[in-house]
Ligand code: GAR
């Protein structure tokens, strides 16, 4: 059984879908959920599902990313994860941290990478006049949002879309995509998958 740690910064809707998926014959189980924000709404949701949680407030380590990461690593490593899933974790990680989990850290990003790494992905897709948007799950490498893609979900951009309506359509597909990719990854299958909106 693979042990999965999940890092979040916010509401944690993707984390909830991941945790819910890891039951029965699934080859992995969630062992811990952590956040850089003690107020992150997802922490209570994880606890309610019976998953241990921790928070390391990044604001206490202003200007010292290595010290923040050292504090983050303590509870994380104690949980002995085989796989680390970033699920709406909004802090940039140093190459040192990334290398510790090389080949076993996944991230979900709300764009069809390599398009729109970084922030404001939905507004950027709208500004570019894209007909399609989506989300990607990829392996994390030191370069931001640039690691090998394990799966993508595509949705149409509709007339009258705002960044908010598009984000909501994409998020619904993120909730299908991330659990499917994680299950395959935990089985050792790194072949990329593509989902289209049903
Ligand atoms: C998701 O849309 C995820 O793709 C995005 O944050 C949201 C988190 O929602 N991640 C990033 O932007 C990473 N740079 P959630 O907390 O409800 O899962």
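Any read-out appearing in this document is the output of simple, stated calculations on the displayed coordinates, not a laboratory observation. Predicted model, so just to flag it, every value in this text is computed and none were measured. Positions of Cβ are backbone-derived with ideal geometry, glycine not excepted, and every protein chain shown enters the neighbour counts.
Summary table below
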item	result
Shape box of segment 1-88 [Cα atoms, principal axes, largest first, Å]	43, 24, 17
Cα principal axis extents for segment 81-161, largest first, Å	44, 20, 17
Efficiency of FRET from Cβ geometry, residue 23 and residue 119, R₀ 35 Å, rounded to 0.05	0.55
Taking segment 72-195 and dividing mean pair separation by its residue count, relative contact order in percent (alpha carbons under 8 Å, at least six apart)	22 percent
Gain on full stretching of the segment that runs from residue 190 to residue 164 - 0.36 nm per residue minus C-alpha separation	6.2 nm
For the chain, share of DSSP beta bridges that run antiparallel, in % to the nearest 5	35 percent
As computed over segment 108-198, the Cα convex hull volume per residue (Å³)	83 Å³
Semi-axes of the equivalent ellipsoid for the chain, Cα gyration tensor, largest first, Å	26, 19, 16
Sorted by Cβ neighbour density within 10 Å, fewest at the top, the residues 43, 86	43, 86
Over segment 1-134, relative contact order from alpha-carbon pairs under 8 Å, at least 6 apart, %	26 percent
Expected 222 nm ellipticity per residue - DSSP helices of 4 or more, -39500 (n - 2.57), all of the chain, to 500	-10500 deg cm²/dmol
Beta bridges by DSSP in segment 88-198, antiparallel share as percent, to the nearest 5	75 percent
Candidates 152, 173, 123, ranked by Gaussian network fluctuation over the chain, Cα under 10 Å, top entry	123
Separation of the residue 82 and residue 94 label points, Cα + 7 Å toward Cβ, nm	2.9 nm
